[in-house]
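Trainee: Submitted below is the structure of interest, expressed as structure tokens.
The values are calculated or read from the model by the stated rules, or taken from the named source; none is laboratory data. As the structure is a prediction and not an experimental result, all values here were calculated from the model. With ideal geometry, Cβ positions are generated from the backbone for all residues, glycine too; neighbour counts draw on all protein chains shown. Accessible surface is based on the protein model in full, side chains and every heavy atom, while ligands, DNA and RNA are left aside. Shrake-Rupley method; radii C 1.70, N 1.55, O 1.52, S 1.80 Å.
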Amino acid sequence: RRGITEDALRALSAEAQMTWVWLMLNEQIVKAARQPNTLLISYDRFCRAPESTLAEMMRFADLDMSHEVQRYLAESTAGSAKKSRYFSLKQDPIAACQRWQKQLSSQTCREIEHIVRDTESARFLVDA
């Protein structure tokens, strides 16, 4: 699929291999999300605008944006970028969605961007 063979995939770096897996999985998700009554939200979008994105999700699910939900969202996104752990529920959402770009080399980031470039799933890597 997409012109990459199993041998070519094995020859790539671990990061590139994981990017191909990410791409293939996300292509299936995007395809499935074209069904009625489906809302597709990217992680980056949720991190960049948690309140409005969650409000959209709640409306889509026909749920109220209760004070408890708003409080939890405020508490969980008030984490410090310096103190948050990778799997912590309380962290700075912008720092969390950009972490991969800061932890990987610029060459690896370019390799990832090259693999997903011109794909429908690319918009979920850096959501506009």
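Trainee: Could you tell me whether region 88-108 includes any residue that is modelled with pLDDT of 90 or more, touching a helix residue (DSSP H, G or I) at 6+ places or on another chain (Cβ under 6 Å), closer than 30 Å to Gly3 by Cβ and in a helix (DSSP H, G or I)?
Mentor: Taking every residue of region 88-108 in turn, at least one turns out to be modelled with pLDDT of 90 or more, touching a helix residue (DSSP H, G or I) at 6+ places or on another chain (Cβ under 6 Å), closer than 30 Å to Gly3 by Cβ and in a helix (DSSP H, G or I).
Trainee: Could you check, for region 15-27, whether at least one of its residues is among the hydroxyl-bearing types (Ser, Thr, Tyr) and under 28 Å from His114 (Cβ atoms)? Before you say what the answer is, go through the steps one by one.
Mentor: Initial filter on region 15-27 (among the hydroxyl-bearing types (Ser, Thr, Tyr)): 19.
From the residues that got through so far, the ones that are under 28 Å from His114 (Cβ atoms) too are 19.
Yes, because at least one residue in region 15-27 is among the hydroxyl-bearing types (Ser, Thr, Tyr) and under 28 Å from His114 (Cβ atoms).
Trainee: Condition check: within 23 Å of Gln101 (Cβ to Cβ), loosely packed, with under 14 Cβ neighbours inside 10 Å and either polar (S, T, N, Q) or touching a Pro at 6+ places or on another chain (Cβ under 6 Å) (or both). Does Ser42 satisfy that?
Mentor: Working: within 23 Å of Gln101 (Cβ to Cβ): yes; loosely packed, with under 14 Cβ neighbours inside 10 Å: no; either polar (S, T, N, Q) or touching a Pro at 6+ places or on another chain (Cβ under 6 Å) (or both): yes.
No; evaluated as a whole, the condition is false for this residue.
Trainee: Right, another one. Six or more apart or on different chains, Cβ atoms under 6 Å: show the pairs whose first residue is in region 34-56 and over 12 Å from Pro93 (Cβ atoms) and whose second is modelled with pLDDT of 90 or more and not in a helix (DSSP H, G or I).
Mentor: Taking only residues 6 or more apart or on different chains, the pairs are Ala55/Met65.
Trainee: If the requirement is being under 18 Å from the mean Cα position of the chain (by Cα) and among the acidic types (Asp, Glu), which of these qualifies: Asp7, Asp44? So that I can check it myself, show each step before the final result.
Mentor: Working: Asp7 fails: under 18 Å from the mean Cα position of the chain (by Cα).
Step by step, each of Asp7, Asp44 is checked, and only Asp44 is under 18 Å from the mean Cα position of the chain (by Cα) and among the acidic types (Asp, Glu).
Trainee: Also, quick follow-up: Scan region 110-122 residue by residue and report those that are loosely packed, with under 15 Cβ neighbours inside 10 Å, at pLDDT below 85 and in a helix (DSSP H, G or I).
Mentor: Across region 110-122, the qualifying residue is only Glu120.
Trainee: Here is a further query. Say we look at region 48-79 and pick out the residues that are over 24 Å from Gln98 (Cα atoms) and within 20 Å of the chain's Cα centre (by Cα); which of these is surrounded by the fewest Cβ atoms within 10 Å (Cβ to Cβ)?
Mentor: Among them, the one singled out is Phe60.
Trainee: Looking only at region 19-41, count every residue that is under 29 Å from Tyr72 (Cβ atoms) and either under 15 Å from the mean Cα position of the chain (by Cα) or hydrophobic (A, V, I, L, M, F, W, C) (or both) and tell me the total.
Mentor: Looking only at that region, the number is 10.
Trainee: May I pose another question? Of all the residues that make up region 1-30, how many are open to solvent by less than 50 Å² (accessible area, probe 1.4 Å) and not in a helix (DSSP H, G or I)?
Mentor: Final tally of qualifying residues: 2.
Trainee: Continuing with the same structure: I want to confirm something. Restricting to region 21-72 and keeping residues that are among the small types (Gly, Ala, Ser) and more than 30 Å from Ile4 (Cβ to Cβ), which single residue is modelled with the lowest pLDDT? Full working, then the answer.
Mentor: Residues of region 21-72 among the small types (Gly, Ala, Ser): 32-33, 42, 49, 52, 55, 61, 66.
Remaining after also requiring more than 30 Å from Ile4 (Cβ to Cβ): 49, 52, 55, 61, 66.
Details: Ala49: 90, Ser52: 94, Ala55: 95, Ala61: 95, Ser66: 93.
This residue is Ala49.
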